[in-house]
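Report on the structure given below.
Every number in this text was worked out from the coordinates using simple rules, so none of it is lab data. Just so we're clear, the structure is a prediction, and the values are computed from it rather than from any experiment. Reconstructed Cβ throughout: ideal geometry from the backbone, glycine too, with neighbour counts over all protein chains shown.
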Amino acid sequence: MKILLTNDDGIESPGIQTLAKKLREHGHKVSVIAPLLNRSGISHAISIINDPVKLSVHGEDAWACTGFPADCVLVGTLGKFIEKPDLVLSGINKGANIGTDIVYSGTAAGARQASITGLPGIALSLHGNSPYNWDMAASWSAGHLEELLSYWAPDTFVNVNIPNNPSGPSGIAVTHPAIKDYNDVISVVNAPDGNFWCFLTPGKETTKPAVSKEPAGSSEPDSDWNTVFRNFVSVSPIHSYAVLSKRVGA
């Protein structure tokens with residue numbers, strides 16, 4: 001299979017490097033086009049609309065791009081720079097992209113952009129904290145690629161979260177995205193030069209409806225949040241377009 005691999009953590013991320021290696025070991029033809037810099041939280045921003053992006057060689061069939069994840073996919077799927085891929089994989093992301101995270105995630109945007117161009121797109125994220133078990137996550141992803149691809153349908157992308165367990169996940173489950181409350185705090189400092197500096201302090205994430213026990217979201221057993229806490233890989237097919245329903249009475 002011809003696979004285009006991108007991410008939002010940057011081309012130096014061990015997530016994308018390890019995944020490329022494992023996919024090639026499984027016999028896939030892998031082309032990597034990923035951001036030169038960390039682009040986490042950039043969502044579906046596209047820089048090539050206003051300025052060209054530059055690609056520089058970064059290893060075997062790999063290029064670092066000055067743009068964002070969506071730019072990388074646009075170049076890789078429309079630019080005739082590489083052979084047209086059969087599949088776009090975005091990741092493996094350092095940390096989860098669960099529920100509301102997909103609104104902000106550059107990882108999700110890479111997979112979404114693939115869908116918009118008519119290709120299967122899968123976003124891969126590793127839930128949990130350091131130390132990250134990259135080899136486990138990449139081996140699992142490469143070994144279950146056909147199964148993950150089976151969840152894709154036109155006008156969707158597949159959002160996958162892998163538990164960060166060195167022994168591997170207990171199984172796989174189809175889920176729906178949880179609705180997260182981030183409980184973040186913004187602190188504003190009035191600097192002596194008259195400017196204002198704004199700092200974000202992340203809060204403890206919870207899900208709606210709030211529950212009193214851990215893990216948060218356990219009142220929704222089919223949510224992506226709850227599923228990864230049960231050591232299952234969460235697979236959520238996501239519509240790529242926002243569909244506005246007709247207003248009542250309109």
*In nm, give the distance between the simple-model label positions of residue 193 and residue 176, each being 7 Å from the Cα along the Cα-to-Cβ direction.*
4.9
*Starting at the first residue of segment 7-18, write each ³J(HN,Hα) from the Karplus equation 6.51 cos²θ - 1.76 cosθ + 1.60 with θ = phi - 60°, in whole Hz, x for Gly and Pro.*
6, 10, 7, x, 5, 7, 4, x, x, 6, 5, 5
_Whole-Hz ³J(HN,Hα) for each residue in segment 198-204, computed from phi via Karplus 6.51 cos²θ - 1.76 cosθ + 1.60 with θ = phi - 60°, x for glycine and proline: what do you get?_
10, 10, 9, 10, x, x, 7
*Based on DSSP, what percent of beta bridges with both residues in the chain are antiparallel, to the nearest 5?*
40
*Given the Cα-Cα distance of residue 51 and residue 146 and 0.36 nm per residue of separation, how much length would full extension add, in nm?*
30.5 nm
_Just to be sure I understand: of the beta bridges DSSP finds with both ends in segment 1-135, what percent are antiparallel, rounded to 5?_
20
*Using a/c under 1.5 as the rounded threshold, could you call the chain rounded, prolate or oblate? The axes a ≥ b ≥ c are square roots of the C-alpha gyration tensor eigenvalues, and prolate needs a/b larger than b/c, oblate otherwise.*
rounded
*Taking the Cα centre of the chain as the origin, how large is its charge dipole in debye, to the nearest 20, when only Lys and Arg (+1) and Asp and Glu (-1) carry charge on their Cβ atoms?*
320
*What is the set of long-range amide H partners of residue 42 at a cut-off below 5 Å, with H atoms built 1.01 Å from backbone N?*
106
*Give the long-range amide H neighbours of residue 176: residues separated by 5 or more places, or on another chain, with amide H under 5 Å away, using H modelled in the peptide plane at 1.01 Å from N.*
223, 224
*Per-residue ³J(HN,Hα) for segment 68-80, Karplus 6.51 cos²θ - 1.76 cosθ + 1.60, θ = phi - 60°, Hz, x for Gly and Pro*: 9, x, 4, 4, 4, 6, 4, 5, x, 9, 10, x, 6
*asked:* Which residue fluctuates most in the GNM of the chain (Cα springs below 10 Å): 168, 59, 15?
replied: 59
*asked:* Taking the Cα of residue 231, stepping 7 Å toward and past its beta carbon, and measuring to each backbone N in segment 102-145: which are under 13 Å?
replied: none
